[in-house]
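The values are calculated or read from the model by the stated rules, or taken from the named source; none is laboratory data. These numbers come from a predicted model, not from an experiment. Every residue, glycine as well, gets a Cβ built from its backbone with ideal geometry; the counts of neighbours run over all protein chains shown.
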Amino acid sequence: MNKACKRADIQPINFHYLRHTHCSLLLYAGANIKYISKRLGHANTSITFDTYSHLIKEFEEQENDFIFYFVLFFSHNKKYTANFIN
C-alpha cells in the first residue's frame, strides 16, 4: 500500500484507515447497518454500532434537520402542499 501511495503522491495510509473510510461512506450512503456489519466481518451489529456510533449519531441529526426543513417548507408553501397531497 505504501508503494501505491507513493506512486499517487499522497500521504501513506494504512488498512485500518481505509476500512474506517469504507464504513463511513457506506453509512453516509444510507446502507443498512446489518449489511455493513456483515461486510466488515463483525460478529454482530452491536460492534458496528459501538465503533461507529459517532457517525451514526451525526447522520441521524442530519436526517432530523432534513425532516424539520421539509415539513417547514411544505407547511408554508400552499402551492407545493396542494400538489404534493393530490
Would segment 49-61 turn up any residue that is out of contact with any strand residue (DSSP E or B) (no Cβ under 8 Å at 6 or more places or on another chain), exposed (fewer than 13 other Cβ atoms within 10 Å of the Cβ) and aromatic (Phe, Trp, Tyr)? no
Can you pull out the helices (runs of 4 or more DSSP H) entirely within segment 24-86 that have at least 2 residues that are modelled with pLDDT under 75? 45-76, 78-85
